[in-house]
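I have placed the structure first, in the form of structure tokens, so that the comments after it can refer back to it.
The values are calculated or read from the model by the stated rules, or taken from the named source; none is laboratory data. Remember, predicted model here, so these are calculated numbers, not experimental data. Methodologically, a virtual Cβ is constructed for each residue, glycine included, from the backbone with ideal geometry; neighbour enumeration extends over all protein chains shown.
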Amino acid sequence: MPAPPSLRRPELPQVLARRQERARYLREDRDFIDDEAIAALLAAARRPEPARVREALARSLALQRLEPDEAASLLMVEDPELWAEIFAAARGVKEKVYGPRVVTFAPLYLSNLCINSCLYCGFRRENDAQERCRLSPADVRREVLALIERGHKRLIVVYGEHPRSSLDYMIETIETVYATRSEGGEIRRVNVNAAPLTIAEGERLKQVGIGTYQVFQETYHHETYRRLHPRGPKADYVWRLYALHRAQEAGIDDVAIGALFGLYDWRYEVLGLLHHAIELERCFGGIGPHTISFPRLEPAAGALWGPQDSPYRVSDEDFRKLVAILRLAVPYTGLIVTAREPAEMRREALQLGCTQTDASSRIGIGAYSRCVDSCRPAAADQEGQDLHTQQFLLADLRELDDVVHELAGLGLLTSFCTAGYRCGRTGSRFMDLARQGKVRDFCLPNAILTLKEYLVDHASARTRQAGERLIEQHLAAIEPRLAGRLREWLAMIENGARDLRI
Ligand code: SAM
Ligand code: SF4
């Protein structure tokens, strides 16, 4: 009798590919994160000269990526007045590269099955309180329809690591997402957060037409990584560290890195992320990460280790600092703040340098439609959160309409734009535009057009009013010929045209 899928060993070619590809990028048998060198860099940067800090700020404002020693000196600033200059410079870089817009998306959790044992995660395999399930194709359709109904155009699909949510399942579910349509529209970009893949698997994933592929290293500190990831494939630091190298080789040129802040010292992790960005640039013709994520560790039902246990818990003040320094260190890379953060912190982070955020997020399995075939009907245990199928707790459950309204009040356009990867503006093409400060030229018009679609199709009366006012303000500030063309397209959207883009 064949073994049930959960007990089956990985196919032999996969095992062989893994063995061969694991050491593919090591130099003299070492990976690119040198714990001692990072610690030494931070120690040497103590109490930096203001002139050195200002030099780094000037380089960043000229859209140059910072070197680790420059970032280290910013990280070690103590003087509140210098910090005020750092925050102002971060806002300046955000405005220069990205302009007044915030890209929005929703997470869609497909499965909470997992063979790993990350101590901080509700999905860890030993957590018996977790009700395990994965969405069937019919469930996926229901979830996607519920998200389309809310007005979303961009999703990030998220999977635990398990033979039952292997690459075949990922491909099947992503195809189902793209194939699901209703009068309210369709999902136009699917980003993926999943376990590391081999190069051949990455090639297959690329063919489904994904946007960005994300793998978070969680912590760059080797010893901490080993302690918090005791068993399962994720226990292999090196395999995970080079996941995005393999993705790039597979042709996925929008890759995203991240660290889970609170596992180890936040200053160390910022430098770890920067080293990762530099390593990707070095290996792939200057193409760094498309986005960086820096979630803070949240409580999770059934976790063995949480914020209350961590000596490295990140305070709000340090969180603002890390957002600002990442903004300055890699001006060409998008920064993502999620609904793990409470509303006030999200607001601040978006003004300080973040470029993307989620909204109306629910992360219980089947939580958007609350009607799934594959597990018991999802129940909201705690204010819309389902502790039995959820990885951790969210702090901000506001609906998309509320977020769009709030951002409009701050002068920020919510963008649902998905033109980038559909027009080939990925990888080196995107990076070149970002480095020249030209992303705005495409993204601002596309933000206006997609926001208009949202306002017409999904917004409440108050959000529509605030959004229309904001669009008018931005049109008035744009070069007149472009503004004229946009006005024509906005009228076409009023009359039923959809998916217009530059
Ligand atoms: N299982 C895949 C993996 O580990 O790569 C998919 C990622 S997991 C479903 C998504 C991310 O959630 C993880 O990479 C981790 O950074 C984050 N996460 C896990 N537990 C968390 C917690 N307690 N608080 C905040 N974020 C958490
Ligand atoms: Fe599994 Fe990812 Fe959670 Fe680790 S973080 S237990 S790999 S779902």
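Points to keep in mind about this one:
- The stretch 93-126 - residue that is aromatic (Phe, Trp, Tyr) and within 10 Å of ligand 2 (Cβ to nearest atom) and, of those, nearest to the chain's Cα centre (by Cα): Tyr109
- Residue check for Arg282: more than 15 Å from ligand 1 (Cβ to nearest atom) and surrounded by fewer than 21 Cβ atoms within 10 Å (Cβ to Cβ): yes
- In the stretch 192-210, the condition of being closer than 30 Å to Ser460 by Cα and either out of contact with any strand residue (DSSP E or B) (no Cβ under 7 Å at 6 or more places or on another chain) or touching a residue at least 60 places away in the same chain (Cβ under 8 Å) (or both) is met by no residue.
- Against the test of being aliphatic (A, V, I, L, M), part of a helix (DSSP H, G or I) and either within 16 Å of ligand 1 (Cβ to nearest atom) or over 22 Å from the mean Cα position of the chain (by Cα) (or both), the options Ala138, Ala146, Ala129 yield a single qualifying residue, Ala138.
- Looking at Arg435, Arg462, just one residue is among the basic types (Lys, Arg), more than 30 Å from Gly286 (Cα to Cα), touching a residue at least 24 places away in the same chain (Cβ under 8 Å) and out of contact with any helix residue (DSSP H, G or I) (no Cβ under 6 Å at 6 or more places or on another chain), and that residue is Arg462.
- Pairs where the first residue, in the stretch 104-121, is outside any loop (DSSP other than H, G, I, E, B) and the second is near ligand 1 (Cβ under 10 Å from one of its atoms) and of a type in the set (Ser, Thr, Tyr), C-beta under 7 Å, 6+ apart: Leu110/Tyr159; Leu110/Ser165; Ser111/Tyr159; Ser111/Ser165
- Qualifying residue in the stretch 214-223 (condition: surrounded by fewer than 21 Cβ atoms within 10 Å (Cβ to Cβ), within 14 Å of ligand 1 (Cβ to nearest atom), assigned to a helix (DSSP H, G or I) and more than 21 Å from the chain's Cα centre (by Cα)): no
- Gln64 falls short on exactly one of the conditions (1) surrounded by fewer than 23 Cβ atoms within 10 Å (Cβ to Cβ); (2) under 21 Å from the mean Cα position of the chain (by Cα), and that condition is (2).
- Flag if Glu218 is within 15 Å of ligand 2 (Cβ to nearest atom) and touching a Leu at 6+ places or on another chain (Cβ under 6 Å): yes
- Residues within the stretch 465-481 that are free of Cβ contacts under 8 Å to residues at least 60 places away in the same chain, part of a helix (DSSP H, G or I) and surrounded by 15 or more Cβ atoms within 10 Å (Cβ to Cβ), tallied: 3
- Scanning the stretch 410-444 for residues that are closer than 24 Å to Ile148 by Cβ, among the hydroxyl-bearing types (Ser, Thr, Tyr) and at pLDDT 70 or above yields a total of 3.
- Qualifying positions in the stretch 301-340 - of a type in the set (Gly, Ala, Ser) and more than 17 Å from the chain's Cα centre (by Cα): Ala301, Gly302, Ala303, Gly306, Ser310, Ser315, Ala329
- Ala195 vs. criteria assigned to a helix (DSSP H, G or I) and buried (at least 18 other Cβ atoms within 10 Å of the Cβ): no
- Residue that is farthest from Tyr368 (Cα to Cα), among those in the stretch 149-166 that are part of a helix (DSSP H, G or I) and touching a Pro at 6+ places or on another chain (Cβ under 9 Å): Pro163
- The numbered conditions (1) away from ligand 1 (no atom under 16 Å from the Cβ); (2) hydroxyl-bearing (Ser, Thr, Tyr); (3) closer than 15 Å to Thr389 by Cα are all true for Tyr159 except (1).
- Being of a type in the set (A, V, I, L, M), within 13 Å of ligand 1 (Cβ to nearest atom), under 25 Å from Asp254 (Cα atoms) and surrounded by 18 or more Cβ atoms within 10 Å (Cβ to Cβ) holds for only one residue in Ile287, Ile292, and it is Ile292.
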